[in-house]
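Input: a single structure, listed below in structure tokens.
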Amino acid sequence: MAIFYQEDKKIITINTACSTYQMMIDKYGALLHLYYGKRIKGDAEHLLAYLDRGFSGNPVEAGGDRTYSYDVLPQEYPTLGTGDFRNTALNLRNSDGSECCRLKYVSHSITDGKYALEGLPAVYAKEGAQTLEIVLADEVADVQVKLLYGVLEAEDIITRSAVITNRGKGSITLEKAGSANLDFLYGDYDLISFYGRHALERNFQRSRIGHSGTVFGSRRGTSSHQYSPAVVIAEKDANETAGNCYGMLFVYSGNFMFEAEKDQFGLTRAIMGLQSDLFHYHLEAGEAFTVPETILTFSGEGFSGISKRYHRCIRNHICRGPYQNRVRPVLINSWEAAYFDFDGNTIFELAKDAAELGIDMVVMDDGWFGKRDDDNSGLGDWVVNEEKLGCTLKELIEKVNSVGVKFGIWIEPEMISEDSELYRKHPDWAMKIPQRSPVYGRNQLVLDFTRKEVRDYIFDSICAVLDQGNIEYVKWDMNRSITDVFSVERPQGNVTHDYVLGVYEFLEKLISRYPKLLIEGCSGGGGRFDAGMLYYTPQIWCSDNTDAVNRLKIQYGTSFFYPVSTMGAHVSAVPNHQTGRTVSLNTRGVIAMSGTFGYELDTKKLSEEEKEAVRVQTARFKVYADLIQTGDYYRLSSPFADTFTAWQFVSEDRKRTLVSVVLTEIEGNPEVHYVRLRGLEPEKIYIEKQSGREYGGQVLMEAGIRIPVEFGEYQAYQMEFVMKQA
Ligand code: GLA
């Protein structure tokens, strides 16, 4: 049993393979957090200290005991209004306008299986999971809060969510709603977070969690390029391979907020949840609100242990559909090959070259519908522009399929251009604030996806396209941040969240109607790269930046939480369209192979020699594809700190490993670089495929290997080792 209850002490303990999470219902019915960390036997109640603290108020139930204060005790789900002056997970405005919620324990239950969340993405598990449900209530407000914990014992995963129900007669408003709070009684912690911008997402940042605290998140309507809804909280000496650290990953694709602070007595509190700006969620009598899920994990072996657990969790318990554990097709995308300037023949020519080069699929990107020869018009008009293509979609797909190549297509369902038939017919379907002119992004507006009639219309028009032929892949794009948050149908404080629910409902309908379809998420590259989207789209275009060297950083940051099988990565032309940098085809290939792998260039511009190199490259990828997509991934060095970037894939049975290295800085009279491999069997012998040389697993992991020294910038290497059979 992963979850158990100690009746005498009222302690609830969750054990996973390597961690223990513990809480206690105290004598006044408060739910206190006791411990989260390396697996322990016994309890941690003795850590709680009761001292008379000035300006830390005492609740009436303590009967005048000045040593009892919610301002000091570690809380499981802190709320505003209890006398806890730290950040809170929940702030509720009652029907009388007051902001106060005081929760007391009512009951709890432990059941087999993992809970699901209606209308929201969440971890699922067919077996090996348990659910803990703790019911808390505020009797005055007549509000019930159900805390949900999902436990995947073997995977070291604990998920958290909360369902808030208005059981009273009046309406209430949620002003702030978090799904997970972690209180660390003592210690110094660092925060590892990932910031970025369009075309340079998920940069690694490490900073100290101090007394002034830190708050970041997104108000962009999506999880955003700017900040990622995912953090590692690391003990101050923890690093890639050693030390205690904790992960918090929000399974959500909209506005979020993360807060961390060290309080006045040295306790560190971290909260992951919904962004409180633009969020004032109105609940009528009887209505309930589900806070999206946060996935927690603990590692006693540094960041790599965090990543390994999240990768497995996302691959096996978030991603769904036929491609979940299948090698993805190698694709060629028309965007950087032709942008808007193509016809059916351009796509067919790409397909013919693809067939010769070992590429499985051609994707027709933006520009095939309505009036769309640039990015100023046409969004919303999901009607094939047969005049531009020079044929019907059906004919084009049949031609592509006839040369043995699959066909995929780009869509951007949530958007509308003012210059579109749809806008001329339904100007009110675009989100705008009355009396104000909207803020434009890429000269387009956002459709009000909180409205069912809007979603249904777009759904039907997109299905009418998808039904025209054998479309095996869809790239779902979303190319702006949301500014004018307003809906004619909703309380305005509900709109940001209901929009995301609308997107999820649409995606769920789409995958149910087309269960074989592979969908790749995208938002100007990686602007909505989150675990919420991965529930519907098992891969996401990692960045609009295809520069191989920039990609080292983007993919490194992304790899902390998301498995390589989810990262859309392509080889593009040189000089690179975003940076002007020229990098060899080999290096571009090695880096794109740390992702779903594909191409994004005009094959007509490749020389015969380059075409041959592409053929070799796609064949090489296919040899490694399974290992890359399902193996354990290790970061061996950091592009933010080192002059070379190295990473490694190890098959689950540890019999095979692929080491990739890119030298990012070349020096005269150079230093020699070395890396230590990870995840191998120390007692086994491994043979390096290219040289046939044998090494002990322990030698590879402890003594390491030498990286070749070669002349020229951005050299890349792949080294494969296989375990010698006894
Ligand atoms: C976004 C995507 C690109 C491409 C363009 C098309 O920027 O990230 O890959 O699809 O839109 O307009």
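The values are calculated or read from the model by the stated rules, or taken from the named source; none is laboratory data. Since the model is a prediction, treat every value here as computed from it, not as a measurement. Ideal geometry is used to build each Cβ from the backbone, glycine not excepted, and the neighbour counts take in all protein chains shown. Heavy atoms of the whole protein, side chains included, go into the accessibility calculation; ligands, DNA and RNA do not. Shrake-Rupley method; radii C 1.70, N 1.55, O 1.52, S 1.80 Å.
The length gained on full extension between TYR339 and THR67, counted as 0.36 nm times the residue separation minus their Cα-Cα distance, comes to 91.2 nm. Between their Cα atoms, which of LYS27/LYS114; LYS169/LYS452; LYS146/LYS176; LYS394/LYS452; LYS104/LYS176 are more than 25 Å away from each other? LYS27/LYS114; LYS169/LYS452; LYS394/LYS452, as the Cα separations exceed 25 Å there. In the assembled protein chains, ILE433 presents an accessible area of approximately 50 Å² (probe radius 1.4 Å).
On the beta carbon distance between PHE640 and VAL403, with R0 = 41 Å, the FRET formula returns roughly 0.45.
What figure in square angstrom, to the nearest 10, would you give for the accessible area of ILE685 with a 1.4 Å probe? Estimated to the nearest 10 Å², ILE685 gives 70 Å². Of the residues SER584, GLY217, VAL384, the one whose Cα sits farthest toward the positive end of the charge dipole of the chain, with +1 on the Cβ of Lys and Arg and -1 on the Cβ of Asp and Glu, is SER584. Note on LEU51/LYS169: beta-carbon distance plugged into 1/(1 + (r/R0)^6) with R0 of 51 Å gives a FRET efficiency of 0.80. For the residues TYR457, TYR124, a 1.4 Å probe over the protein chains yields an accessible-area ranking, largest first, of TYR457, TYR124. Here's the picture: a label point sits 7 Å out from the Cα of ASP8 along the beta-carbon direction, and within region 18-54 the residues with their amide nitrogen under 13 Å of it are 43.
Per residue, the chain exposes 37 Å² of solvent-accessible protein surface, assessed with a 1.4 angstrom probe and all protein chains in place. Residues whose amide H falls under 5 Å from that of GLY568, counting only those 5 or more places apart or on a different chain, are ILE540, TRP541, CYS542, THR596, with hydrogens built in the peptide plane.
Over the Cα atoms of the chain, each weighted equally, I'd like the Debye log10 I(q)/I(0) at q = 0.09, 0.10, 0.12 Å⁻¹, rounded to two decimals. One equal scatterer on each Cα of the chain leads to -0.83, -1.01, -1.36. Each residue was assigned an accessible area with a 1.4 Å probe, and for HIS225 the value is about 40 Å². Projected label points at ARG654 and VAL722, each 7 Å from Cα along the beta carbon direction, are separated by 1.9 nanometres. Across the chain, the relative contact order, built from alpha-carbon pairs under 8 Å that are at least six residues apart, equals 10 percent. By the helix-only formula, in which each DSSP H run with n ≥ 4 contributes -39500 (n - 2.57) and the sum is divided by residues, the chain has a 222 nm mean residue ellipticity of -5500 deg cm²/dmol.
The value of relative contact order for region 601-682, using C-alpha pairs under 8 Å at least six residues apart, is 22 percent.
Considering only beta bridges that DSSP places wholly inside region 351-461, some 50 percent are antiparallel. In the chain, what percent of the accessible surface is made up of carbon and sulfur (1.4 Å probe, ligands and nucleic acids excluded)? The nonpolar share, carbon plus sulfur, comes to 48 percent. Across region 410-426, coupling constants 3J(HN,Hα) worked out from phi with the 6.51/-1.76/1.60 Karplus curve, θ = phi - 60°, read 9, 9, 9, x, 7, 10, 9, 8, 5, 8, 8, 4, 4, 5, 4, 7, 10 Hz, and Gly and Pro carry x.
Across VAL722, VAL400, the residue with the most accessible area heads the list, and the full order at a 1.4 Å probe is VAL722, VAL400. In this calculation the C-beta distance from GLU99 to GLN205 is compared with R0 = 45 Å, giving a FRET efficiency of 0.85. A DSSP coil position with no more than 16 other Cβ atoms inside 10 Å describes the following GluC sites (Glu not before Pro) in region 224-299: GLU284, GLU287.
Annotation note: trypsin sites (Lys or Arg not before Pro) in region 387-488 located in DSSP loop regions with a Cβ neighbour count of at most 16 within 10 Å are ARG436, ARG442.
Taking the charge dipole of the chain about its Cα centre, with +1 at Lys and Arg Cβ atoms and -1 at Asp and Glu Cβ atoms, the residue from ILE628, ALA613, PHE194 reaching farthest to the positive side is ILE628. Bridge orientation summary for the chain: considering DSSP beta bridges with both residues in this region, about 80 percent are antiparallel.
Considering region 346-481 at the alpha-carbon level, its Rg and Dmax are found to be 16.3, 57 Å. Stretching the chain fully between GLU387 and ARG581 yields a gain of 66.2 nm (0.36 nm per residue, less the alpha carbon separation).
Once the Kirkwood radius over Cα pairs is known for region 563-698, the Stokes-Einstein relation at 20 °C and 1.002 mPa s delivers a diffusion coefficient of 130 µm²/s.
The candidates SER161, SER171, SER512, arranged from most to least accessible area with a 1.4 Å probe in the full protein assembly, appear as SER512, SER171, SER161. For a quick check of your reading of the filter: which GluC sites (Glu not before Pro) in region 641-726 sit in a DSSP loop and have no more than 15 other Cβ atoms within 10 Å? Answer in residue order: GLU652, GLU665, GLU667, GLU671, GLU683, GLU710, GLU713. Ranked by the mean number of other Cβ atoms within 10 Å of their residues, highest first, the peptides 491-502, 87-98, 609-620 fall in the order 491-502, 87-98, 609-620.
Using only Cα atoms, locate the centre of region 409-461 and the centre of region 291-318, then give the distance between them in Å, rounded to an integer. Region 409-461 and region 291-318 have Cα centres spaced 36 Å from each other.
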